[in-house]
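Shown next, in structure tokens, is the structure this report addresses.
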Amino acid sequence: MQSIISLDEFIIQRQKDFPYATGELSGLLRDIGLASKIISREVNKAGLVDITGQIGTQNASGEAVQKLDVMADNLLIASLQNSGECCGIASEENNTYVPIEKSKNAKYVVLFDPLDGSSNIDVNISIGTIFAIYRRISDDGACQLEDFLQDGVEQVAAGYVLYGSSTMLIYTTGKGVNGFTLDPSIGEFCLSHPNIKIPQKGSIYSINQSAYPSFDRATQLFIDECMEAGHRFRYVGSMVADVHRTLIKGGIFAYPASQKAPEGKLRLLYECNPLSFVMEQAGGMASNGKERILELEATQLHQRCPIYMGSPDMVERILQLQQEQA
Ligand code: AHG
Ligand code: MN
Ligand code: MN
């Protein structure tokens with residue numbers, strides 16, 4: 001039987017890769033893995049029980065909150081509260097950060113988008129969970145806002161879970177990217193995609209083309225070039241699914257600024273930074289059209305930023321067009 005390497009075994013094997021290899025980070029990744037197994041179970045039976053649909057409230061970004069969003073958010077918070085390694089969390093579903101009293105002196109904070117692609121829940125299209133882990137910078141005691149407003153380059157780990165035809169967990173601690181597929185028969189995430197690297201070139205572009213008229217000139221020219229080159233167009237509408245396909249097959253995913261969304265739609269801290277860390281660790285690039293995503297200054301928890309990410313050849317081309325059109 002081919003040797004199965006579970007997420008837990010892999011984390012322990014690779015602990016030496018991690019400068020703070022005291023097992024705390026391993027504990028956090030295991031807790032996120034546990035919460036995502038439960039979320040996967042709930043997502044996979046969503047159609048059978050009444051947990052799809054909206055609950056009638058809006059989140060900090062003014063978006064309708066879906067029942068599974070809240071369930072996923074509560075599960076992740078509960079799991080991280082039990083971990084003892086996390087002194088606070090910030091998530092898309094909470095206006096401000098949530099200090100964790102019983103582990104207030106712990107070394108890490110976690111930011112997450114508990115359920116990404118919520119608008120796809122009711123139509124059974126792939127959705128995901130995105131997470132970013134930082135070491136706190138405030139002194140011991142209750143965590144502070146500054147612990148969450150760190151640049152993306154300070155992330156000590158980041159990744160995502162994709163609830164698709166199978167459930168996968170992909171993460172990085174800055175030493176490459178590894179993917180694990182959930183084997184429901186044993187309830188374990190098993191190493192299935194070791195050392196993921198994105199193709200240098202791509203022939204798939206993933207941008208909400210319906211907003212073409214309101215994109216800047218450089219983005220319009222880039223889309224024109226993709227069509228002239230005969231590239232394939234793919235857009236799922238769940239960032240995790242579109243980014244995962246880009247990571248595996250190559251190409252570019254973008255959510256540009258537009259007249260309707262002058263800062264773009266996607267949030268820097270719990271969508272763009274974690275997925276950009278993974279993308280760069282897989283040999284890809286991630287930019288807001290001018291600067292590297294991971295170097296953008298964070299001033300608010302729910303701030304948005306335009307994003308172009310994927311195969312270096314394609315991202316470099318859009319950056320060149322942005323420069324020419326500046
Ligand atoms: P979330 O469900 O966490 O709010 O994220 C949805 C985001 C992202 O997943 C996706 O790329 C984007 O919304 C799609 O937006 P449009 O429907 O405007 O294309
Ligand atoms: Mn999202
Ligand atoms: Mn979300």
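Protein heavy-atom surface of the stretch 204-325, 1.4 angstrom probe: 47% of the accessible area is carbon and sulfur, with nucleic acids and ligands not counted.
Relative to the dominant Cα principal axis of the chain, helix 217-228 is inclined by about 80°. Per residue, the convex hull around the alpha carbon atoms of the stretch 204-325 comes to 96 Å³. Entry note, the stretch 7-193: relative contact order of 16 percent, from Cα contacts under 8 Å with a spacing of 6+ residues.
Counting only protein heavy atoms and a 1.4 Å probe, the stretch 185-226 has 46 square angstrom of accessible area per residue. What the Cα convex hull of the chain gives, in volume per residue, is 133 Å³. Our summary gives the stretch 89-130 a relative contact order of 35 percent, counting only alpha carbon pairs under 8 angstrom and 6 or more residues apart. A Förster radius of 22 Å, combined with the Cβ-Cβ distance separating N124 from C190, puts the computed FRET efficiency at roughly 0.35.
Computed from the alpha carbon atoms alone, the convex hull of the stretch 34-142 holds 95 Å³ per residue. Other residues lying with their Cβ under 15 Å from the Cβ of E291 contribute a combined charge of -3, Lys and Arg counting +1, Asp and Glu -1. Here the accessible area of the stretch 36-106 is 48 percent carbon and sulfur, with a 1.4 angstrom probe and all protein chains present.
Charging the Cβ of each Asp and Glu at -1 and of each Lys and Arg at +1, and nothing else, the dipole of the chain about its Cα centre rounds to 600 debye.
Bridgeable lysines around K260 (alpha carbons under 27 Å apart, same-chain partners fewer than 8 residues away excluded): K67, K290. For the set K45/K102; K37/K265; K175/K201, the pairs lying more than 30 angstrom apart at their alpha carbons are K45/K102.
The values are calculated or read from the model by the stated rules, or taken from the named source; none is laboratory data. Only a predicted model underlies this, so the values are computations on that prediction, with no experimental measurement involved. Every residue, glycine as well, gets a Cβ built from its backbone with ideal geometry; the counts of neighbours run over all protein chains shown. Just the protein is used for accessible areas: all its heavy atoms, side chains included, with ligands, DNA and RNA removed. Shrake-Rupley method; radii C 1.70, N 1.55, O 1.52, S 1.80 Å.
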